[in-house]
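All remarks here apply to the structure that follows.
The values are calculated or read from the model by the stated rules, or taken from the named source; none is laboratory data. All figures in this text were calculated on a predicted structure; none of them were measured in a lab. Because the Cβ atoms are built from the backbone with ideal geometry, glycine has one as well, and the counts that use them run over all protein chains shown. Only protein heavy atoms, including side chains, enter the accessible area calculation; ligands, DNA and RNA are left aside. Shrake-Rupley method; radii C 1.70, N 1.55, O 1.52, S 1.80 Å.
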Amino acid sequence: MELYHGSDRIISKPLYGGGRPYNDYGPGFYCTKNLELAYEWACTDHYTGFANKYVLDDTGLVTINLNSRKYHILNWLAVLLDNRIFDIAAPLPRQAKKYILDNFLPDYKSSDILVGYRADDSYFSFARAFLNNTITLEQLGRAMHLGKLGEQVVIRSVRAYEALMYLGAAPAIRGVWYARRMARDKAARDAFRTVQKETPLLDAVYIVDIIREKWQNDDPRIQ
């Protein structure tokens, strides 16, 4: 598969173990199949970056796609909670985090490649709202598609790093791509605020219902 990585520099040889440990899905090299997203991720309001291009031979590699039908939104949330560091002050969100990790965390650490939603600050705010019992399970699932913030492909293992071949890099002009990045983020936030204002159905499911009713990973209601 062809992959792109947005960065402030050219990365011809990604270094195994070089990623930050508290990224969405843990240590790894975070890429996208979408060139435009790579351009956007490469820029900030201060610098112009590069969209690095690679080809990955995934033959024989173990891939876990959290967006496939084998998994559900609580699996994605559990992986996120297993890696991102954030403060939880209230008792219910603390209990919710523990319940999700205990019951919905897949064995993702055995994978060579992990695919899933990108959880920037916008998406993480959706997860926080769910833990705080202010949005429903259905709203959380719908929120993941808002703003089209994108899907990321994470290179996790030594084998996967070795199967990644560098093809070159193209400059991502800050004046063009940073504005698009901010517009995409704003679209996600605006759409989420619209969801928050909705009146949920009477039978809507919140995290407190999942805990009280002891839902498990194979519960058909999650799908």
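Quick one: count up the residues across region 13-26 that are over 15 Å from the mean Cα position of the chain (by Cα) and open to solvent by 70 Å² or more (accessible area, probe 1.4 Å).
Within region 13-26, residues that are over 15 Å from the mean Cα position of the chain (by Cα) and open to solvent by 70 Å² or more (accessible area, probe 1.4 Å) number 3.
How many residues are assigned to a loop (DSSP other than H, G, I, E, B) and of a type outside the set (Ser, Thr, Tyr) when one looks only at region 18-58? Lay out the reasoning, then the answer.
As a first pass, look at region 18-58 and keep what is assigned to a loop (DSSP other than H, G, I, E, B): 18-28, 33-34, 43-48, 57-58.
Narrowing the set further to residues that are of a type outside the set (Ser, Thr, Tyr) leaves 18-21, 23-24, 26-28, 33-34, 43, 45-46, 57-58.
Here the count works out to 16.
So LEU101 clears everything in (1) touching a Leu at 6+ places or on another chain (Cβ under 9 Å); (2) over 22 Å from GLY18 (Cα atoms); (3) buried (at least 19 other Cβ atoms within 10 Å of the Cβ); (4) not charged (D, E, K, R) except one condition, right? Which one?
Against the list (1) touching a Leu at 6+ places or on another chain (Cβ under 9 Å); (2) over 22 Å from GLY18 (Cα atoms); (3) buried (at least 19 other Cβ atoms within 10 Å of the Cβ); (4) not charged (D, E, K, R), LEU101 comes up short only on (3).
Restricting attention to region 86-102, does a residue exist that is among the charged types (D, E, K, R), assigned to a loop (DSSP other than H, G, I, E, B) and in contact (Cβ under 8 Å) with a residue 24 or more places away in the chain? Give the steps one after another, and end with the answer.
Applying the first criterion (among the charged types (D, E, K, R)) to region 86-102 yields 87, 94, 97-98, 102.
Pick out the ones that are also assigned to a loop (DSSP other than H, G, I, E, B) and you get 87.
Subset that is in contact (Cβ under 8 Å) with a residue 24 or more places away in the chain: none.
For region 86-102, residues among the charged types (D, E, K, R), assigned to a loop (DSSP other than H, G, I, E, B) and in contact (Cβ under 8 Å) with a residue 24 or more places away in the chain: absent.
Name the residue that is surrounded by the fewest Cβ atoms within 10 Å (Cβ to Cβ), counting only residues in region 79-94 that are in contact with an Asp or Glu (Cβ under 9 Å, 6 or more places away or on another chain) and more than 25 Å from GLU162 (Cβ to Cβ). Walk me through how you get there before you give the answer.
We begin by selecting, within region 79-94, every residue in contact with an Asp or Glu (Cβ under 9 Å, 6 or more places away or on another chain); these are 79-80, 83-84.
Now restrict to residues that are more than 25 Å from GLU162 (Cβ to Cβ): 80, 84.
Working: LEU80: 19, ARG84: 15.
Restricting to residues being in contact with an Asp or Glu (Cβ under 9 Å, 6 or more places away or on another chain) and more than 25 Å from GLU162 (Cβ to Cβ), the top hit is ARG84.
Name the pairs whose Cβ atoms lie under 6 Å apart, with the first residue in region 180-196 and touching a residue at least 12 places away in the same chain (Cβ under 8 Å) and among the small types (Gly, Ala, Ser), the second surrounded by 14 or more Cβ atoms within 10 Å (Cβ to Cβ) and part of a helix (DSSP H, G or I), and 6 or more positions between them or separate chains?
Matching pairs, first to second residue: ALA187/GLY147; ALA188/SER122; ALA188/LEU146; ALA188/GLY147; ALA191/LEU146; ALA191/GLY147.
Could you give every pair whose Cβ atoms fall below 9 Å, whose first residue belongs to region 158-179 and is basic (Lys, Arg), and whose second residue is surrounded by 19 or more Cβ atoms within 10 Å (Cβ to Cβ), counting only separations of at least 6 or pairs across chains?
Cβ pairs passing all conditions: ARG159/ASP112; ARG174/ALA42; ARG174/CYS43; ARG174/GLY49.
Quick check on ASP8: is it under 18 Å from VAL153 (Cβ atoms) and in contact with a strand residue (DSSP E or B) (Cβ under 8 Å, 6 or more places away or on another chain)? Walk me through how you get there before you give the answer.
Working: under 18 Å from VAL153 (Cβ atoms): no; in contact with a strand residue (DSSP E or B) (Cβ under 8 Å, 6 or more places away or on another chain): yes.
No: the conditions fail for ASP8.
Taking region 42-53 as the search range and keeping residues that are open to solvent by 30 Å² or more (accessible area, probe 1.4 Å) and at pLDDT 90 or above, which one is farthest from TYR108 (Cα to Cα)?
PHE50
Take the residues in region 56-78 that are buried (at least 19 other Cβ atoms within 10 Å of the Cβ) and without any contact (Cβ under 8 Å) to a residue 60 or more places away in the chain; name whichever of them is nearest to ILE155 (Cα to Cα).
It comes out as ILE64.
What pairs come out if I take residues in region 124-138 that are farther than 13 Å from ILE211 by Cα and pair them with residues that are in a helix (DSSP H, G or I) and basic (Lys, Arg) whose C-beta lies under 8 Å away, six or more apart or interchain?
SER125/ARG189
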